[in-house]
Amino acid sequence: MSTIRALTEQDLPVVANMLQQVLRHKSSPAPASLVDYMRSFYLSAPGCGDDITSLVHVTDAGEVSGFIGVHVLPMAWNDRKLRAAISSSFMVAEGNRDPMAGARLMKAFMDGPQDLSFSETANHISTQMWTRLRGITLPQYSLDWIRIIRPCSFAMSMIGQRFSPARLFNPLAFATDNVWRKRLKAGEARWTATAATGMAPVALRIREINRAEFAELVEPLTAHFALKPHWPTVALDRILSDAANKPDWGQFVMASVTTASGASVGAFAYHALKGGIGRVLQIMSRPGQAGAVIDCLVEHAGNRGVAALRGRTQPELLAAMLTRRTAFLPATATIAHSRDPALLNAMAHGEAFLNGLAGEEWSRLIGGRFT
């Protein structure tokens with residue numbers, strides 16, 4: 001009879017090959033660097049090795065045929081300390097003959113000792129499994145947003161993904177954008193472009209900062225959430241270090257937003273890909289300041305030559321984005337499960353700090369290079 005058990009060191013080559021084929025859509029064997037990273041991410045990262053573990057499905061013949069990756073996120077709900085389990089890399093091997101393998105993996109994961117479980121990358125099939133097991137979809141956390149800054153560069157970036165010779169025209173597109181954006185009035189935002197100047201409020205200051213400085217801002221800028229992460233310093237530093245190691249996405253930039261007197265208003269972290277789409281990992285702000293911080297991010301990215309920004313919604317950002325020529329699209333769902341109805345209620349009402357740093361987008365398994 002097939003079984004579900006915890007991931008072990010010996011399983012890693014098989015699981016890495018499964019990830020290479022099923023999720024990365026590559027026929028070549030998994031490189032050693034991917035195996036090493038999965039070892040670090042799932043077996044030796046802070047929080048690994050206790051009673052919340054990644055799981056594998058094993059067939060009657062003793063072969064690993066399914067996997068659900070799990071990492072632990074310490075959280076706080078008001079004054080109560082919690083453990084959340086974030087699922088990632090949920091997959092079943094191609095050609096697997098057991099139609100219930102995925103369902104058994106998912107149920108074993110949700111039956112774990114964690115206070116709550118969630119994922120920000122659930123596809124349609126995964127979402128159905130979660131909801132059948134009394135998970136809930138969080139619509140306000142489940143949209144990707146896109147803000148176009150340089151229209152010609154954005155168009156060439158999209159074309160270049162499918163027809164690489166088109167990239168020869170990138171310099172011309174970039175120059176055309178420069179001319180067009182200078183013709184817009186300071187601060188003017190259209191659906192297809194933003195002005196070269198004046199997007200950020202004049203009273204605010206943007207300063208690029210390092211990992212330690214960014215980490216220090218996380219607690220004060222998330223204090224207003226009822227349900228939020230409670231990271232040890234070493235865990236947050238690891239997250240930011242991993243997030244930075246995605247060269248194909250561009251330079252990883254962290255910045256603070258302050259008043260002229262130095263009072264903190266917000267912060268953001270994103271990959272600045274010149275002429276391409278910048279991936280926004282996190283936007284944080286004081287209550288009521290989300291719009292101003294978003295404006296600062298857009299101006300900063302435009303000055304770095306980014307064609308467009310793409311990120312994940314959070315409820316407190318959604319209202320500000322709706323008035324800022326932002327497009328939204330469904331990609332994957334953020335979905336949650338808990339045996340405590342109060343925790344589900346807090347997430348359903350947007351009282352939780354989820355996605356980005358409090359998720360899996362920072363992992364090198366998403367956007368990282370392994371050779």
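Identification of strands (runs of 3 or more DSSP E) wholly contained in the range 10-99 with 2 or more residues that are touching a residue at least 24 places away in the same chain (Cβ under 8 Å), open to solvent by 20 Å² or more (accessible area, probe 1.4 Å) and among the aromatic types (Phe, Trp, Tyr) yields no element.
Residues being open to solvent by 50 Å² or more (accessible area, probe 1.4 Å), in a helix (DSSP H, G or I) and within 24 Å of LEU329 (Cα to Cα) are entirely absent from the range 105-115. Looking only at residues that are part of a helix (DSSP H, G or I) and of a type outside the set (A, V, I, L, M) in the range 312-333, which one is modelled with the lowest pLDDT? So, considering only residues that are part of a helix (DSSP H, G or I) and of a type outside the set (A, V, I, L, M), the one modelled with the lowest pLDDT is GLU316. Filtering the range 247-304 to residues that are in a strand (DSSP E or B), within 14 Å of ARG205 (Cβ to Cβ) and within 20 Å of the chain's Cα centre (by Cα) leaves ALA255, SER256, GLY266, ALA267, PHE268.
So PHE225 ticks every box in (1) modelled with pLDDT under 95; (2) in contact with an Asp or Glu (Cβ under 7 Å, 6 or more places away or on another chain) but one. Which box is left unticked? So PHE225 meets the others, but not (1).
Scanning the range 197-219 for residues that are in a helix (DSSP H, G or I) and either in contact (Cβ under 8 Å) with a residue 40 or more places away in the chain or touching an Asp or Glu at 6+ places or on another chain (Cβ under 9 Å) (or both) yields a total of 7. In this entry, PRO232 is excluded by the filter for residues that are surrounded by fewer than 17 Cβ atoms within 10 Å (Cβ to Cβ), under 30 Å from ASP340 (Cβ atoms), out of contact with any helix residue (DSSP H, G or I) (no Cβ under 8 Å at 6 or more places or on another chain) and modelled with pLDDT of 90 or more.
The rows are residues; the columns are (1) β-branched (Val, Ile, Thr); (2) open to solvent by 40 Å² or more (accessible area, probe 1.4 Å); (3) in contact with a His (Cβ under 9 Å, 6 or more places away or on another chain); (4) in contact (Cβ under 8 Å) with a residue 24 or more places away in the chain.
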| residue | (1), (2), (3), (4) |
| --- | --- |
| GLY135 | no, no, yes, yes |
| LEU143 | no, yes, no, yes |
| ILE149 | yes, no, no, yes |
| GLN161 | no, yes, no, no |
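Could you grab me the full set of residues in the range 169-196 that are closer than 16 Å to LYS274 by Cβ and either of a type in the set (A, V, I, L, M) or assigned to a loop (DSSP other than H, G, I, E, B) (or both)? LEU172, ALA173, ALA175, ALA196 - these are the residues of the range 169-196 that are closer than 16 Å to LYS274 by Cβ and either of a type in the set (A, V, I, L, M) or assigned to a loop (DSSP other than H, G, I, E, B) (or both). I'd like the residue in the range 235-247 that is touching a residue at least 60 places away in the same chain (Cβ under 8 Å) and open to solvent by 50 Å² or more (accessible area, probe 1.4 Å) and, out of all such residues, is nearest to PRO74 (Cα to Cα). If we take residues in the range 235-247 being touching a residue at least 60 places away in the same chain (Cβ under 8 Å) and open to solvent by 50 Å² or more (accessible area, probe 1.4 Å), then ARG238 is nearest to PRO74 (Cα to Cα).
State which residue is most open to solvent (accessible area, probe 1.4 Å) when the search covers only the range 315-371 and only residues that are of a type in the set (S, T, N, Q) and in contact (Cβ under 8 Å) with a residue 60 or more places away in the chain. Give the derivation first.
Here is the first cut: in the range 315-371, the residues of a type in the set (S, T, N, Q) are 323, 326, 332, 334, 338, 345, 355, 363, 371.
From what is left, the residues that are in contact (Cβ under 8 Å) with a residue 60 or more places away in the chain are 326, 332, 334, 338, 355, 363, 371.
Numbers: THR326: 13, THR332: 42, THR334: 0, SER338: 13, ASN355: 2, SER363: 3, THR371: 133 Å².
That would be THR371.
Looking at the range 229-246, can you tell me whether even one residue there is aliphatic (A, V, I, L, M) and either over 21 Å from SER44 (Cα atoms) or in a loop (DSSP other than H, G, I, E, B) (or both)?
Taking the range 229-246 and keeping what is aliphatic (A, V, I, L, M), we get 234-236, 239-240, 243-244.
Retained after the next criterion (residues that are either over 21 Å from SER44 (Cα atoms) or in a loop (DSSP other than H, G, I, E, B) (or both)): none.
For the range 229-246, residues aliphatic (A, V, I, L, M) and either over 21 Å from SER44 (Cα atoms) or in a loop (DSSP other than H, G, I, E, B) (or both): absent.
From the list MET106, MET91, MET100, which one is of a type outside the set (Val, Ile, Thr), over 14 Å from ASP51 (Cβ atoms) and under 19 Å from the mean Cα position of the chain (by Cα)? Break it down stepwise before answering.
Working: MET106 fails: under 19 Å from the mean Cα position of the chain (by Cα); MET100 fails: under 19 Å from the mean Cα position of the chain (by Cα).
Criteria check complete, one pass: MET91.
Condition check: over 16 Å from the mean Cα position of the chain (by Cα) and either more than 24 Å from ARG369 (Cβ to Cβ) or in contact (Cβ under 8 Å) with a residue 60 or more places away in the chain (or both). Does ALA226 satisfy that? Spelling it out, ALA226 is indeed over 16 Å from the mean Cα position of the chain (by Cα) and either more than 24 Å from ARG369 (Cβ to Cβ) or in contact (Cβ under 8 Å) with a residue 60 or more places away in the chain (or both). Consider the range 147-192 and keep the residues that are under 29 Å from the mean Cα position of the chain (by Cα) and among the basic types (Lys, Arg). The one that is nearest to ALA320 (Cα to Cα) is ARG147. Among the numbered conditions (1) assigned to a loop (DSSP other than H, G, I, E, B); (2) more than 13 Å from the chain's Cα centre (by Cα), the only one that ALA336 does not meet is (1).
Among the residues of the range 173-196, those that are open to solvent by 40 Å² or more (accessible area, probe 1.4 Å), free of Cβ contacts under 8 Å to residues at least 40 places away in the same chain and more than 21 Å from ALA290 (Cβ to Cβ) comprise ALA175, THR176, ASN178, VAL179, TRP180, LYS182, ARG183, LYS185, ALA186.
The values are calculated or read from the model by the stated rules, or taken from the named source; none is laboratory data. Computed from a predicted model, the values in this text were never measured in an experiment. Positions of Cβ are backbone-derived with ideal geometry, glycine not excepted, and every protein chain shown enters the neighbour counts. The protein model used for the area step is the full one, side chains on, heavy atoms only, and it has no ligands, DNA or RNA in it. Shrake-Rupley method; radii C 1.70, N 1.55, O 1.52, S 1.80 Å.
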